[in-house]
Structures are given as structure tokens and as C-alpha cells.
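Student: If you scroll down you'll find the structure; I have some questions about it.
The values are calculated or read from the model by the stated rules, or taken from the named source; none is laboratory data. Because the structure is a prediction, the values reported are computed rather than measured. We place every Cβ from the backbone using ideal geometry, glycine too, and count neighbours over all the protein chains shown. We work out accessible area using only protein heavy atoms, side chains counted, and drop any ligands, DNA or RNA first. Shrake-Rupley method; radii C 1.70, N 1.55, O 1.52, S 1.80 Å.
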Amino acid sequence: MVDAHTSSPAAAERIFDVCQELNALQVVIDRSPFPLAIEMVSIASRRVGLNLEQWLQEKIKANGGAFVSACMRFLRARATQEGGDKGNMPLSVEVVQSFLKVLQGAAPNMPPDLQAELRQLIAQISAAPNTRQAPTAADNLSAQAGTAQGFSADVEEEANRYFQRVYSMQQSIGELVEMLRAFRASQVQRERDIFSCMVHNLFDEYKFFPKYPEKELRITAVLFGQLILHNLVSNITLGVALRCVLDALRKPNGSKMFAFGSEALEQFKRRLTEWPQYCQHLAQIPHLAQSHPDLLPLFSKGSDQTVALGRSEPSMNNADADSQLAAGVAGMRLGSDSEGNNPPLPRSLSSAMNFPPQPPGAPPAGEAAPAGVS
């Protein structure tokens, strides 16, 4: 049954029927790996009235983050259709809401990367066509997404102060990374919130990076790469970070964004052996080998079109278009502004850099490096 479900998740309904015929449903649920067990319980909640919320709460209590990750993978594949298996029966809005209710209830005890992944997942689900079929339910999902994305004003302000200390050279990037590492593992909810806020805001600013002065952009690139190096982002958040770097490296050699991507890559290049498919994408950037000739051996290994994902490697299959980067952290909006406008920089990073107000008609902040920037 496990093999059948792994090779074809769409077979879940037939597997459920067989379990019912053999009077073995409870045994299969109890003894199966998480993906099959979650699938069976979801069907059982719809067809035989099993209490889905209670089962999820008990499994989270017993298995923690591993089970939470399995639930989010299930929802991503079934409620957003990101998994690409169109043979599955769409999840009902009620089932999706039960999952989200339990996951959000458990969110305060999740590590920050799983909290960020949950925010992103809720945003994806609220925009999915199958949730829009029921306007009231979709409205509820959207409201949940807005709540999950928010940070309190005092958390935003403290995150801003930490950024300001780095950009003003009062604190080294190494010291900030160590602080973030401690906040990520902290038992204090506020410190975990600050970590999540700083990572979210850093990613959320990606589309404004071309406007940064060169000095601040270099600092941001080092910080970005150090987060990846020290495994402070994982799962979907790691995928977003790697896609941002890949997107920047595809810009012309000599551009500010290529410089950002190159500096960020330099920080975490020792981890590239973990991500063979990512190396394959890097190998397809013709001008990258000129700036990173030391990576040529990795690029040659990644030239095989059949290379498999590394054990913990996020998929880059949707990283070919700038618009695909928007599938990352909830609230991210990457790529150039279609109207040609230059919106003001969000407060958490731009205000930390103390960019001066721009008079009407002046070039955007950061297009020319200000005096004193080496």
C-alpha cells in the first residue's frame, strides 16, 4: 500500500476502500508513514466521520515538527496543486480548514522556519482556485493568512534596530548571525518572533535590492549567504533564499544584482555539494564560471540532466522565471515593478540604512553610491 501510494498518490481512494473491505483501516493509519496515514485520515474524515482535528492534534503532540512538515507537504500538494498530481480528488474546504486550524494552534511552539513555511502555505491556499469556489471559506483563509503574516509593532522596531546596528557597523554580521541562531532556538516566543520577522523582511526586500547603495548591498549579500550557510533557513524558506541568489546570478556580469548573488554564493559555496540540482542550474549561467572558477568541478558534476535532488535539497524546477520567485515567503513580491514606479523602501531595512528623503524627480536611493561608500 505504501509503494502504491508513493508511486501514485491518486490511488488513495482505492487504498482506502481496500482497507475498509479488510477491516484494517485503523491498523494502516497507525502503522503507515506520515504521508499515507495523513491521506487515509483525510479521506476517513470525509467518508466515515473520523475526528480529523483531534487526530492531528494528537499526532503533533507525539511527533512534533516532523509531522507538521508532513502535513504542510500534504496540503501544498493537495490544496494548492503544486504537487502536480491532478488525479487526486480535491480536498474539501472543511478538511483544509481543519488542517489550518490545528497547524495555526500549534504554530507558537514551532521553530521559526516552520512558522514562516506555514505563513507561506496559508497564502498559497487562500489564492488557490479550489478554495475560491466557496467565497465564505476563502475569505476565512485570507483572513487567517493576514493574521499569520503580521508582526507586532514592537517586534518590527526591534528587528529594525538590529539591522541598523549592522548597517552602521556597530555590530558585525558574524555577531548578528550568532544572535539569530540563538533567537531561532530560543524558548522565548518574542525572540523567535524577532528572528522570523528579520528573515521575512530580508526576503521581502529582494525586489528593492537594485536600489541599495553598493556598500549596504554587499552587507546584505553577506548576511543573506550566511543565513544559508548556517542553516538558519530550511524547507521552503531555504528554497526561496536559493532562488533569490540564482535569480541574481542570472543578471549580467557587472550588474549590482549579479554582485549581490556572487557575494551571497561565496558565503555558502561549501554547502553546494548538498544540492546537485542547484549546481545544475548554476552551471547553466555562462558568465558565472568566470567569477567563480573554483566551482567548475561542481558545475561539471551537475551537467548530467538526470541528476537527482540532494537529500535536503529544495526543488528549483520552478526557478526559471522571475515570477516564480513569488511562491516563496508569504508577502514576497519579486521582480521589476510593471508600471515603472519606484515605491518607497519598506521600513525594516531601508530605514535601518538611514536613506535620505528623495526630492521629487531625483534618482531612486542607491542608484549611485553615496559619498563614503567604498
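Student: Give the residues of segment 260-276 that are open to solvent by 30 Å² or more (accessible area, probe 1.4 Å) and in contact with a Gly (Cβ under 9 Å, 6 or more places away or on another chain), sorted by residue number. If you could, list the steps in order and put the result at the bottom.
Tutor: Within segment 260-276, the subset open to solvent by 30 Å² or more (accessible area, probe 1.4 Å) is 263, 266-267, 269-270, 273-274, 276.
Answer for segment 260-276, where residues must be open to solvent by 30 Å² or more (accessible area, probe 1.4 Å) and in contact with a Gly (Cβ under 9 Å, 6 or more places away or on another chain): GLU263, GLU266, GLN267, LYS269, THR273, GLU274, PRO276.
Student: Of everything in segment 42-65, what is surrounded by 19 or more Cβ atoms within 10 Å (Cβ to Cβ) and over 14 Å from LEU103 (Cβ atoms)? Give them in sequence order. Walk me through how you get there before you give the answer.
Tutor: Kept after step one, since they are surrounded by 19 or more Cβ atoms within 10 Å (Cβ to Cβ), are these residues of segment 42-65: 42-45, 52, 55-56, 59-60.
Residues satisfying the conditions are ILE43, ALA44, SER45.
Student: Please find, among ASN201, ASN231, ASN235, the residue that is on the phi < 0 side of the Ramachandran plot, not assigned by the TED database to the domain that holds SER69 and not charged (D, E, K, R).
Tutor: ASN201
Student: Could you list, in sequence order, all residues of segment 227-236 that are of a type in the set (S, T, N, Q) and open to solvent by 30 Å² or more (accessible area, probe 1.4 Å)?
Tutor: ASN231, ASN235
Student: Next question, about the same structure. Inside segment 10-122, counting only helices (runs of 4 or more DSSP H) that do not spill past its ends, which hold 2 or more residues that are touching a residue at least 40 places away in the same chain (Cβ under 8 Å) and either on the phi > 0 side of the Ramachandran plot or in contact with a Pro (Cβ under 8 Å, 6 or more places away or on another chain) (or both)?
Tutor: 65-79
Student: Checking ALA79 against (1) buried (at least 19 other Cβ atoms within 10 Å of the Cβ); (2) of a type in the set (A, V, I, L, M, F, W, C); (3) over 21 Å from VAL188 (Cα atoms); (4) at pLDDT 85 or above, which test does it fail?
Tutor: It fails just one condition, (4).
Student: Testing MET257 on (1) crowded, with 19+ Cβ neighbours inside 10 Å; (2) under 22 Å from HIS230 (Cβ atoms), one condition comes back false. Which one is that?
Tutor: All conditions pass for MET257, except number (2).
Student: Could you run through segment 212-226 and say how many residues are surrounded by 24 or more Cβ atoms within 10 Å (Cβ to Cβ) and β-branched (Val, Ile, Thr)?
Tutor: 1
Student: In segment 190-198, is there at least one residue being surrounded by fewer than 21 Cβ atoms within 10 Å (Cβ to Cβ) and out of contact with any helix residue (DSSP H, G or I) (no Cβ under 6 Å at 6 or more places or on another chain)?
Tutor: Taking every residue of segment 190-198 in turn, at least one turns out to be surrounded by fewer than 21 Cβ atoms within 10 Å (Cβ to Cβ) and out of contact with any helix residue (DSSP H, G or I) (no Cβ under 6 Å at 6 or more places or on another chain).
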